[in-house]
1. In this structure, is Lys7 open to solvent by 10 Å² or more (accessible area, probe 1.4 Å) and closer than 24 Å to Gly163 by Cα?
2. When residues of the stretch 97-135 are filtered for being within 16 Å of the ligand (Cβ to nearest atom) and out of contact with any strand residue (DSSP E or B) (no Cβ under 6 Å at 6 or more places or on another chain), how many remain?
3. What residue, of Glu22, Glu32, is of a type in the set (Asp, Glu) and more than 20 Å from Thr196 (Cα to Cα)?
4. Taking the criterion of being open to solvent by less than 10 Å² (accessible area, probe 1.4 Å), under 20 Å from the mean Cα position of the chain (by Cα) and within 22 Å of Pro46 (Cα to Cα), would at least one residue in the stretch 198-219 satisfy it?
5. Based on this model, can you work out whether Glu22 counts as without any contact (Cβ under 8 Å) to a residue 60 or more places away in the chain, more than 15 Å from the ligand (Cβ to nearest atom) and in a helix (DSSP H, G or I)?
6. Kindly indicate which of Tyr289, Tyr254, Tyr303 is among the aromatic types (Phe, Trp, Tyr), within 24 Å of Ser84 (Cβ to Cβ) and either more than 16 Å from the ligand (Cβ to nearest atom) or out of contact with any Ser or Thr (no Cβ under 6 Å at 6 or more places or on another chain) (or both).
7. Quick one: is Thr196 free of Cβ contacts under 8 Å to residues at least 60 places away in the same chain and within 16 Å of the ligand (Cβ to nearest atom)?
8. Among the numbered conditions (1) of a type in the set (Ser, Thr, Tyr); (2) within 16 Å of the ligand (Cβ to nearest atom); (3) under 14 Å from Val30 (Cα atoms), tell me where Tyr74 comes up short.
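The values are calculated or read from the model by the stated rules, or taken from the named source; none is laboratory data. As the structure is a computational prediction, the values presented were derived from the model and not from experiment. Glycine also receives a Cβ, built like all others from the backbone with ideal geometry; neighbour counts cover every protein chain displayed. Just so you know, the surface numbers come from the protein's heavy atoms only, side chains and all, with ligands and any DNA or RNA stripped out. Shrake-Rupley method; radii C 1.70, N 1.55, O 1.52, S 1.80 Å.
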Amino acid sequence: MRTIFWKDCLWLIDQTKLPEKEELIACETVDELIDAIKRLSIRGAPALEAAGAYGVALASHEREFSDLEEMKRYLVEKAKIIASARPTAINLSVGVERVLEKALSGESIEEVRKIALKEAERVAEEDVERNKKIGKNGAKLLEDGDIVLTYCNTGRFATVDWGTALGVVRSAIEDGKRIKVFACETRPLNQGSRLTCYELMKDGIDVTLITDSAVGMVMKKGLVSKVIVGADRIVKDAVFNKIGTYTIAIIARYHKIPFYVAAPKSTFDLNRTAEEVLIEERSREELIYCGEKLLAPREVKVYNPAFDFTPLELVSAIITEERIIYPPYEF
Ligand code: MRU
């Protein structure tokens, strides 16, 4: 099953329920989709690209319009709101803008609806195709017996299907290589333990869960041969990804372990530098509670950025659907 798909309305696998249950949410309105994006029921840069694309289609279907002009104004307004639901992964706005642009060329209300949905379906389809290409390209970097450390979730749940960094692992295994994975928990929302471990185990891929703070130790012990992570945005001088990625890159460099990034071209934002990108800050509750249980003094000061950026000098190669890009990075 795909992470996100359209069947009469928009359906998502509710990732907040994993690994306990694989449950679907139906989004019949843009507001429901935005709520799902903010709660991380759907997350991961490429999956957000599809969510943004389908979001515009949803806006065109969710209500009646008195005329075409009113509809187009409504789409433009909703597109802005969807694109800003989470600010760091550029893919969300890429998906929104692509479908909006096509939809605005429609000459009747029905035509706009058709164009928007068709383009959103194309975005989803292309995501699966490009992930397979990323996987095929990246698999060349993996050798039989490699042990890959990964962070956050970059697999089928972070995309429409297959995955980016985990897609590389899947493709290498398909090629007959024996690959094992270390998955970091990825505090505070545990995308690594909840999602990466779940999907790899389901596929029979050898995965070992470690705490985020065990990264240095496993590298020091020689237990990791390569690191592969995904990206939320790649700018002129850095790679944005889940908070903690930068720390892993530094430890990998110290231990001379290759640090690879796997991401589609839509993640590139080469007109910007790292300092110009807004890093999403999430709620204090994510740090001070685990469910109902208080993990810290209720009034403690909290700083909870969801992403960090890793300077390109720490990145050994970037794997895209087109090619593997090596330093010096001249995009
Ligand atoms: O906050 P999230 O779960 O959306 O963060 C996701 C990540 O940081 C992923 O590593 C990134 O989007 C790449 S997914 C192929």
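1. Details: open to solvent by 10 Å² or more (accessible area, probe 1.4 Å): yes; closer than 24 Å to Gly163 by Cα: yes.
The answer is yes for Lys7.
2. Just the residues of the stretch 97-135 that are within 16 Å of the ligand (Cβ to nearest atom), to begin with: 123-124, 126-135.
Applying the additional criterion that residues be out of contact with any strand residue (DSSP E or B) (no Cβ under 6 Å at 6 or more places or on another chain) yields 123-124, 126-133, 135.
Number of matching residues: 11.
3. Numbers: Glu22 fails: more than 20 Å from Thr196 (Cα to Cα).
Exactly one of Glu22, Glu32 is of a type in the set (Asp, Glu) and more than 20 Å from Thr196 (Cα to Cα), namely Glu32.
4. Within the stretch 198-219 (the criterion being open to solvent by less than 10 Å² (accessible area, probe 1.4 Å), under 20 Å from the mean Cα position of the chain (by Cα) and within 22 Å of Pro46 (Cα to Cα)), the answer is yes, since at least one residue qualifies.
5. On the way: without any contact (Cβ under 8 Å) to a residue 60 or more places away in the chain: yes; more than 15 Å from the ligand (Cβ to nearest atom): yes; in a helix (DSSP H, G or I): no.
In short, no.
6. On the way: Tyr289 fails: within 24 Å of Ser84 (Cβ to Cβ); Tyr254 fails: within 24 Å of Ser84 (Cβ to Cβ).
Selected residue: Tyr303, the only one of Tyr289, Tyr254, Tyr303 that is among the aromatic types (Phe, Trp, Tyr), within 24 Å of Ser84 (Cβ to Cβ) and either more than 16 Å from the ligand (Cβ to nearest atom) or out of contact with any Ser or Thr (no Cβ under 6 Å at 6 or more places or on another chain) (or both).
7. Details: free of Cβ contacts under 8 Å to residues at least 60 places away in the same chain: yes; within 16 Å of the ligand (Cβ to nearest atom): yes.
Considered against the rule, which asks whether it is free of Cβ contacts under 8 Å to residues at least 60 places away in the same chain and within 16 Å of the ligand (Cβ to nearest atom), Thr196 comes out as yes.
8. (2)
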